[in-house]
1. Given (1) among the charged types (D, E, K, R); (2) closer than 27 Å to L70 by Cα; (3) within 16 Å of the ligand (Cβ to nearest atom), where does R222 come up short, assuming only one miss?
2. Going by the conditions given, is R269 at pLDDT below 95 and within 14 Å of the ligand (Cβ to nearest atom)?
3. Could you list, in sequence order, the residues of segment 225-266 that are away from the ligand (no atom under 12 Å from the Cβ), in a strand (DSSP E or B) and free of Cβ contacts under 8 Å to residues at least 60 places away in the same chain?
4. Could you say whether any residue in segment 41-62 is touching a helix residue (DSSP H, G or I) at 6+ places or on another chain (Cβ under 6 Å) and on the phi > 0 side of the Ramachandran plot?
5. Is at least one residue of segment 231-239 touching a strand residue (DSSP E or B) at 6+ places or on another chain (Cβ under 8 Å) and closer than 29 Å to A129 by Cα?
6. With the requirement that a residue be out of contact with any Ser or Thr (no Cβ under 7 Å at 6 or more places or on another chain) and of a type in the set (F, W, Y), what does segment 13-72 give you?
7. Can you tell me which of (1) crowded, with 22+ Cβ neighbours inside 10 Å; (2) within 17 Å of R269 (Cα to Cα); (3) touching a Lys or Arg at 6+ places or on another chain (Cβ under 7 Å) is the one L169 doesn't meet?
8. State the number of residues belonging to segment 39-87 that are assigned to a strand (DSSP E or B) and of a type in the set (S, T, Y).
Amino acid sequence: MPEGHTIHRLAADHRERFGGRPVRVSSPQGKFADSAALLDGSVLETTEAHGKHLFLGFPGEEWIHIHLGLFGKVAFGDAPAPPPTDTVRLRLVNPEGYVDLRGPTTCALVTDAEKRAIHDRLGPDPLRAADDPDKAWRRISKSRTTIAALLMDQKVIAGVGNVYRAEVLFRHGIDPYRTGKDLARREWDAIWSDLAALMREGVRLNRIDTVRPEHTPEAMGRPPRVDDHGGEVYVYRRTHQPCLVCGDEIRTAGLAARNLFWCPGCQTR
Ligand SMILES: [Zn+2]
C-alpha cells in the first residue's frame, strides 16, 4: 500500500501534466465509463491529496475520488498513447501524454459535499500545510491503543503507512507499545513535525529515506541497503540485522495488521 507521500506526488504529477487544460477522459475497462463520459473534454482544474486519497477536480465542483488500495497502479506516458488494455479503469489524455489508472479500490465521481465528508472522516495529514496536529492529539491523548497502531489509523492521522510509523518512532526513541495516553504533548509535536519533514522529502525524492546524515552508507562506510522498497531506513524490514545506532538486533511483530519493526535498545522511552 503506498504511503501518503506517493499520493501527494501523484496529485502534483497530474496537475503538472494535465492541469488547466481540457482532457479526454475514458474508462477502457468500462466500470467508470458513465462518469468518464460526463467529464470528457472538460478542464482538469485542480488536484488534491489527503492521506491516501487522491482527488482530481473538474468544473462544477465535481471530483474524481481515487484510492489505490493494495493493488492500484498509476502509469504516466508521453503521446501518442498506446491502445489501452481492458484493465485500465481511468485514462486521461491530452496532446502531450496520458495517464492510466489500474486496479484501484475506489475510482468514483463525487460532489464537493461528498468530498468534504471524506475529508471529515480522515485525520490531519502532515503534508497538508493547513492541517492541525491538535486534531490528532485530542484522540491520541485519550487513547489506550498503542502509538504504533494509532499512527496507522487514518482517522487519527492520514497518510502515514508502515514505513513512516516504524521509522518515526525509532527516530524519537519511542517504544511502539506505549499507549497514546502515555505520550507527552511535546513528543507528539516532535513526531508530527518530523513526519512533515520526512514526508516532504519523500514527495520530492519519490522514496522514503529516514536516516540522519551520520547514519548514511557514506558516513558509516557501510554498503547501501538492498531492498525493493529503496531508501535508507533504520528499522523497516531490517529484522535480525544490527541497529545502525546501538547494534542491537532489530525486532518485528504483527501490529495493526502489519509488521512492526523496532529496536529494543534504542526505543525505550
Ligand atoms: Zn538501536
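The values are calculated or read from the model by the stated rules, or taken from the named source; none is laboratory data. For clarity, every value in this text was computed on a predicted model and none was experimentally measured. Here the Cβ is made from the backbone with ideal geometry for all residues, glycine too, and neighbour counts use every protein chain on show.
1. (2)
2. Here the answer is yes, as R269 does meet what is asked.
3. Selection gives T252, A253, G254.
4. Yes: segment 41-62 contains one or more residues that are touching a helix residue (DSSP H, G or I) at 6+ places or on another chain (Cβ under 6 Å) and on the phi > 0 side of the Ramachandran plot.
5. Looking only at segment 231-239, we keep the residues that are touching a strand residue (DSSP E or B) at 6+ places or on another chain (Cβ under 8 Å), and these are 235-239.
Restricting the remaining residues to those that are closer than 29 Å to A129 by Cα gives 235-236.
Yes, segment 231-239 contains at least one residue that is touching a strand residue (DSSP E or B) at 6+ places or on another chain (Cβ under 8 Å) and closer than 29 Å to A129 by Cα.
6. F18, F32, W63, F71, listed by residue number.
7. That leaves (3) as the condition not met.
8. So the answer is 2.
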